[in-house]
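Only one structure is covered here, and it is reproduced in the block below.
The values are calculated or read from the model by the stated rules, or taken from the named source; none is laboratory data. The model shown is predicted, which means the values in this text are computed figures rather than measured ones. Positions of Cβ are backbone-derived with ideal geometry, glycine not excepted, and every protein chain shown enters the neighbour counts.
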Amino acid sequence: MRWLLATEQDIRELRRANAIFKSALFLRGGARPPLSMIVDYIDAHRGEFGVEPIYRVLQMAPSTYYAAKRGPSPRAIRDALMMQVLIVLWVANRKVYGANKLWKAARRAGHDIGRDQVARLMRELCIEGVSRRRKQVFTTRQDPDATRAPDLVNRDFTADRPDAL
């Protein structure tokens, strides 16, 4: 009798999953749709199917849904604002300031920002200051039009059998 109840429950869950798939027309395209489309679908059908079964069928973590509903964090909002400020300061200082000097310039301009935050945002923006240490020294430059030197040793790299030169 116990297995019969379990089987009936499995059948109910499969029917619910099938109904979710039928109502989710955007899943038929092949690639996973954008997160905003999935969130809109969950919002529209949460009363009909419930939230947990939709997560299970769409193979999506509940935290992903709630993070999308919550929107950007206060840190992300402040980072977006400070990135613009740092870019302006970096360009105004001829793109030579590193994290320390850019941090000091931001403090002088009246922005309350930490040095490590400046360094992190500079990494995200892919900007860096000029360094006296990291110069790449090239003593010679190749001429693309020059011909290669002849092989004076007459090396021959053909093999008459495997694993032999």
Which count do you get for residues in region 112-165 that are within 44 Å of the chain's Cα centre (by Cα) and of a type in the set (Ser, Thr, Tyr)?
3
Of the residues in region 126-165 that are β-branched (Val, Ile, Thr) and at pLDDT 85 or above, the one that is surrounded by the most Cβ atoms within 10 Å (Cβ to Cβ) is 127
Scope region 114-165; condition under 11 Å from residue 99 (Cβ atoms) and either assigned to a loop (DSSP other than H, G, I, E, B) or in contact with a strand residue (DSSP E or B) (Cβ under 9 Å, 6 or more places away or on another chain) (or both); matching residues
114, 127, 128, 129
Of these, 69, 101, 95, which one is of a type in the set (D, E, K, R), closer than 29 Å to residue 133 by Cα and loosely packed, with under 13 Cβ neighbours inside 10 Å?
95
